[in-house]
1. Springs between alpha-carbon pairs under 10 angstrom, Gaussian network model over the chain: which of Ile161, Ile46, Ile85 fluctuates most?
2. Once you order the gyration tensor axes a ≥ b ≥ c over the Cα atoms, which shape class does segment 1-96 get: rounded for a/c under 1.5, otherwise prolate or oblate by comparing a/b with b/c?
3. Between Arg68 and Ser96, what is the label-to-label distance in nm when each label sits 7 Å out along the Cα-to-Cβ direction?
4. Post the alpha-carbon centroid distance, segment 39-62 to segment 85-153, in whole angstrom.
5. Could you tell me what % of all Cα pairs in segment 103-193 have separations over 22 Å?
6. Would you mind telling me the share, in percent, of accessible area of segment 20-78 contributed by carbon and sulfur at probe 1.4 angstrom?
7. If I take every Cα pair under 8 Å that is 6 or more residues apart in segment 100-193, average their sequence separation and divide by the length, what percent do I get for the relative contact order?
8. Under a Cβ-Cβ cut-off of 9 Å, what is the net charge of the residues other than Ala43 that fall near it, where Lys and Arg count +1 and Asp and Glu count -1?
Amino acid sequence: MAQKRIGVLALQGDVREHVDVLRKLDCEVVEVKTPAQLASVQALVIPGGESTTIFKLAEIFDMLEPLRAAISAGLPVLGTCAGLILLSKTILDPASGQESFGGLDVVVRRNAFGNQNDSFETELVVTGIGGLVHAAFIRAPIIDSVGEGVEIISTLPDRRIVGVRQGKAIGISFHPEVVGDSRVHELLLELVN
Ligand code: GLN
């Protein structure tokens, strides 16, 4: 089978970890910083980091409209943590001027677990993945509510929503890539024809 060409949005955040996971899955990986690079990939990962910064850099690099257009046209996309925030239709507590790229009809709350010191790791059930996923939560967002057509793929034991999927967009609050788990990325690859 031909190698899949997958992008990682490389404006800020844990780009390297996603690149490593995708290479392990035998993908050709493009660190996406320009509209031309974006147009060349079959799917895109939006990494964790700081959603405010990624949004501002997307504006500065003239990537905002190309990203919105590609996602709404159905480019398969996976957002982790800050990436989930950037895919969410509504951000409850945006930084001043912060918007999103869209893709998931959900309401998200940033830094829902407190600050960096309240980061934690846990094991989670994720729909479509056999066995538990080891998940790191780092200043993570929570999904407050979801619109029609959004599938909830992961919740914490207290039922708070930490993973969703809608069409070709997947968003998760946590970071499987920092612990080298590639199975959520495999879900993204399944969305590439
Ligand atoms: N709190 C960050 C934000 O608002 C997300 C943290 C992360 O991606 N690990 O973007």
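1. Among Ile161, Ile46, Ile85, the largest GNM mean-square fluctuation belongs to Ile161.
2. prolate
3. 2.2 nm
4. 16 Å
5. Above the 22 Å cut-off, segment 103-193 has 23 percent of its Cα pairs.
6. Values: 1410 of 2570 Å².
The C+S portion of the solvent-accessible surface of segment 20-78 is 55 percent.
7. Working: 168 pairs, mean separation 26.0, N = 94.
28 percent.
8. Around Ala43, the charge tally is +3.
The values are calculated or read from the model by the stated rules, or taken from the named source; none is laboratory data. Predicted, not measured: the structure shown is a model, and the values here were computed from it. Glycine gets a Cβ as well: all are built from the backbone with ideal geometry, and neighbour counts include every protein chain shown. Side chains included, ligands, DNA and RNA excluded: accessible areas come from the protein's heavy atoms. Shrake-Rupley method; radii C 1.70, N 1.55, O 1.52, S 1.80 Å.
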